[in-house]
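Accompanying notes for the structure given below.
The values are calculated or read from the model by the stated rules, or taken from the named source; none is laboratory data. In this text the structure is predicted, and so the values were computed from the model without any measurement. Glycine also receives a Cβ, built like all others from the backbone with ideal geometry; neighbour counts cover every protein chain displayed. Note: areas computed on protein heavy atoms with side chains; ligands, DNA, RNA excluded. Shrake-Rupley method; radii C 1.70, N 1.55, O 1.52, S 1.80 Å.
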Amino acid sequence: MARVIVITSGKGGVGKTTTSASISTGLALRGFKTAVIDFDVGLRNLDLIMGCERRVVYDLINVVNGEANLHQALIKDKHCENLFILPASQTRDKDALTEEGVEKVLKELEHMAFDYVICDSPAGIERGAVMALTFADEAIVVSNPEVSSVRDSDRILGILQSKSRRAMEGREPVKEHLLVTRYSPKRVEEGEMLSYKDVQELLRVPLIGVIPESDDVLQASNQGTPAIHLKDSDVAAAYQDVIARFLDEDRPLRFVTYEKPGILKRLFGGK
Amino acid sequence: MADAPLQGKLIEFKGASLAVMTAHVRDTEAVRLADALHMMLGGMPDFFAGEPTVLDFAQLANIPERVDWTAILSLLRRYQVQPIGVRNLPETLHDGARRAGLALLGAEGLSAEQRVIAPPPAPAPVVETPPAAAPAPASSEAVNIVAPTLIVDRPLRSGQQVYAKGGDLVLLAGMSPGSEVIADGSIHCYGHLRGRALAGARGDTSARIFSTNFGPELVSIAGVYRTFERGIPQAVAGRGAQVKLTGSDNLHTLEITPLQND
């Protein structure tokens, strides 16, 4: 059974695509045959983050429309043996996605013996985002420690509960995970940012990890290498932890405390 | 096989009493009604979920020459209101309403139906009007029986909406900012009360709102509402609290008091 995981958030720019790239890579590195699909039709990005933009010939919409078969459209990752990328179309828009088409693609991936299918959702709550989550078995909701992002995540959790196939058919609900990204322990310490505990309390979803804010992410994007591949990077280590927790291994949270708190700040700083 | 015994009964008529909503319509100009509905229901076009509704014209400000029933009906249907009939409509407008497919109901509520319920069809002196109060309690009783308490186990998310029709609503996992709960009875929230909570939606002034962690965007009981622009009062913020309506008739005020949890 291919397990379908949607990476979603509601809000844009919180790190969905970065997370999709790292999670799919992480699972593939663990030996699982993994596909990652870019649902952001019209604003294709995943191929850049994965560094395969020059190899895109066919895309998701071609497959949905039957203009190409899945074998032709899937791009093999340059780093991992088990990872395949299905890019979005840049010239079409989200209306080109149909529920039947997406279902067909997912069914076919299952026949090809994929273990995991990662769906990289576009921002928003419109067609693209809904299509990305419709067939999900699990959802990783990416949220920044900031009120508007948290509210949008809350909204998308509601949509998961109402529009996913599992919800519509009254099956066991989509398993939800919360991933807090762009986390800056220093700013939390200074009371400028919500703590991951605040975010979790607001959303009431089990926490799967906290990814620290880091310049490494930008560097990785520019290189077209998923952040999880970076050497000696907190971000890479944090994503490794997320993969471990996803596979039910016990890992303590890292990178959530600020290391050099002044005594005065401890006495007077908010949280 | 089962066809034979049913042969004679492809259609069967039985008396039934059902609770319907009444809409007091004070203007017949579709444009003005559309504005009013938009103001009232703005972002919730499916608020009424196809509820059967009687249009009551008793409080009509002035009697127009003619009424554009097509426009009014399509406007109401857009909000999922399902008009089934009219009452207290000025005599001159009866023809139009009948042509628009609306039933003309007697002044005394659904007295027409009252007659259906009584098995032996009453002879001529029907006009002797049954006691005016009779239909109302009967229908509210019916509501209580068919609409038990609605219980929501999962957290209510931003953008989600729940309506406990005819009864109480119990939230076991709280509600987030941007969500909305509506109950014809009371609202009991175990956990965070953060969005909009409207109790007594059909005018029950004895409805209340309870929460173990008070912090809503808006509370309303029987249409009397309050927002919290200046923040939630210290005494109740984040704590157990209840909201009830005090005062009488035209001087209702919302009272928010801490719950004694010890």
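Descriptive notes on the structure:
- Filtered residues of segment B:202-226 (kept if surrounded by fewer than 20 Cβ atoms within 10 Å (Cβ to Cβ) and aliphatic (A, V, I, L, M)): B:Leu218, B:Ala222, B:Val224
- Comparison of B:Pro45, B:Pro83, B:Pro52 shows that the only residue that is at pLDDT below 85, in contact with a Lys or Arg (Cβ under 9 Å, 6 or more places away or on another chain) and within 30 Å of B:Glu180 (Cα to Cα) is B:Pro45.
- Subset of segment B:63-82 [part of a loop (DSSP other than H, G, I, E, B) and touching a Ser or Thr at 6+ places or on another chain (Cβ under 9 Å)]: B:Ile63, B:Pro64, B:Glu65, B:Arg66, B:Val67, B:Asp68
- Those helices (runs of 4 or more DSSP H) lying entirely in segment A:41-160 with at least 1 residues open to solvent by less than 10 Å² (accessible area, probe 1.4 Å) and β-branched (Val, Ile, Thr): A:60-64, A:99-111, A:127-134
- Extreme residue, farthest from A:Lys11 (Cα to Cα), among residues of segment A:142-178 that are away from chain B (no Cβ under 11 Å) and of a type in the set (A, V, I, L, M): A:Met168
- Subset of segment A:161-206 that is among the small types (Gly, Ala, Ser) and assigned to a loop (DSSP other than H, G, I, E, B) - its residue that is farthest from the chain's Cα centre (by Cα): A:Gly191
- The condition of being at pLDDT below 95, aliphatic (A, V, I, L, M) and surrounded by 15 or more Cβ atoms within 10 Å (Cβ to Cβ) holds for only one of B:Ala164, B:Ala235, that being B:Ala164.
- Residue match in segment A:187-199 (condition: small (Gly, Ala, Ser) and under 17 Å from A:Gly15 (Cβ atoms)): no
- Condition met for B:Gly247 (free of Cβ contacts under 8 Å to residues at least 12 places away in the same chain, small (Gly, Ala, Ser) and surrounded by fewer than 21 Cβ atoms within 10 Å (Cβ to Cβ)): yes
- When segment A:184-243 is filtered for residues that are open to solvent by 70 Å² or more (accessible area, probe 1.4 Å) and among the charged types (D, E, K, R), the ones remaining, listed by number, are A:Lys186, A:Arg187, A:Glu192, A:Lys197, A:Glu201, A:Arg204, A:Glu213, A:Asp215, A:Lys231, A:Asp232, A:Asp234.
- Some residue of segment A:179-198 being touching a Ser or Thr at 6+ places or on another chain (Cβ under 8 Å) and within 13 Å of chain B (Cβ to nearest Cβ): no
- Screening segment B:157-199 for strands (runs of 3 or more DSSP E) wholly inside it with 2 or more residues that are at the interface with chain A (Cβ under 10 Å from one of its Cβ atoms) returns the ranges B:187-193.
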